Amino acid sequence: MFEKGIRLLWLLAGLLSVVVGAIGVVLPLLPTTPFLLVAAFAFARSSVRLTHWLHEHPKFGPLIYNWQKHGSIDRKSKQMSMVLIVATPIITWFFGTPWWAIASQVAVLTCSATYILTRPLPPGERQECASAEACGRRQTTSVPGMSCRQYKTSHHQVSGILRRS
């Protein structure tokens, strides 16, 4: 009895998340991906059928797959996120919101933008390095505008720091 109640709560949380995520597709100030990730989490604990439906959905499935398999966000989602992150404080300012609220919003959105931009691109969207032929193997980087050499250098520096700690 208790397990059925918990499953029902997960199911309701998943359904609510899908509804809010779907609204976020057409409403520019509401994010879609976080709600879909919550829905995938909730459905995995409540309904095999709805988990399958969400993973196979033509719009939502790839977002969830990229995040679960690669921890990545596709280029189009990143671009749309950045447009909305920049537009949100401007729109808020037009409504006459106090400066301290806009400053708080900018601080939170800056953290969000940093997180989004530092997530890798899915494997199919990573750019090829110009020097790939020179070393005889395929090299990719998920950071736009960063060469493979710069990426490797920064990656090795971070890896060395992590190994020492």
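Values in this text are rule-based calculations from the coordinates and carry no lab data. Since the structure is predicted, the reported quantities are computational estimates derived from the model, not experimental observations. Positions of Cβ are backbone-derived with ideal geometry, glycine not excepted, and every protein chain shown enters the neighbour counts.
Its relative contact order, with pairs defined as Cα atoms under 8 Å and 6+ residues apart, puts the stretch 1-88 at 23 percent. Beyond 14 Å, what share of the Cα-Cα pairs of the stretch 40-131 remains, rounded to the nearest whole percent? The answer is 73 percent, as a whole percent. Sorted fewest first by neighbouring Cβ atoms within 10 angstrom, Y65, Y115 come out as Y115, Y65. Each of I85, I73 was scored by other Cβ atoms within 10 Å of its Cβ. Arranged with the fewest first, they read I85, I73. Exposure proxy for L63, L117: other Cβ atoms within 10 Å of each Cβ, ordered fewest to most, give L117, L63.
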